[in-house]
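What follows draws every value from the coordinates through simple rules; no lab data is involved. Predicted, not measured: the structure shown is a model, and the values here were computed from it. Neighbour counts are summed over all protein chains in view; Cβ atoms, including those assigned to glycine, are modelled from backbone coordinates with ideal geometry.
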């Protein structure tokens with residue numbers, strides 16, 4: 001095959017492959033999460049604010065990701081995590097689904113590992129994990145009462 005038909009065949013093949021935008025650049029709601037991920041190599045040190053929580057062994061982050069009540073930089077593991085408390089498992093489920101959709105939209109094609117963990121403490125954890133840019137792990141956890149109704153929460157961990 002001569003170079004011209006080879007280029008045409010390659011162009012035709014590329015037309016059928018899915019187009020992926022660079023992570024964090026296609027959708028505006030990806031920018032806050034991408035900015036936090038930029039801090040992963042320094043273990044999120046620049047995001048740690050002065051407020052300290054002995055309950056969490058963490059410093060309140062200078063930024064809070066959309067959809068969460070607060071975010072923290074863990075002093076022990078130097079990870080970044082956010083929390084949203086919900087009045088019901090259904091509300092937490094909707095927020096967890098919205099956060100998972102955001103991650104999958106911002107990093108298309110990144111495989112997701114899903115798991116259900118049932119604890120002895122009456123709490124069920126629905127877990128989704130992604131390995132994104134530079135080996136940083138995103139972990140989305142929805143905690144809900146195993147028995148059904150009650151307070152629930154959604155966590156997003158970056159480490």
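Tabulated values for the structure
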item: Reference-scaled alpha-carbon Rg (2.2 N^0.38 Å with N residues) for the stretch 21-158; result: 1.04
item: Ascending count of other beta-carbon atoms within 10 Å, so fewest first, for 60, 78; result: 78, 60
item: The stretch 32-78-the stretch 132-154 distance, computed between alpha-carbon centres (Å); result: 17 Å
item: Separation in nanometres of the label points that stand 7 Å from Cα toward Cβ, at residue 43 and residue 110; result: 2.1 nm
item: Within the stretch 136-159: backbone nitrogen closer than 16 Å to the residue 85 label point (7 Å, Cα to C-beta); result: 143-145, 150-156
item: Exposure proxy ranking, count of Cβ atoms within 10 Å, fewest first, for 74, 120; result: 120, 74
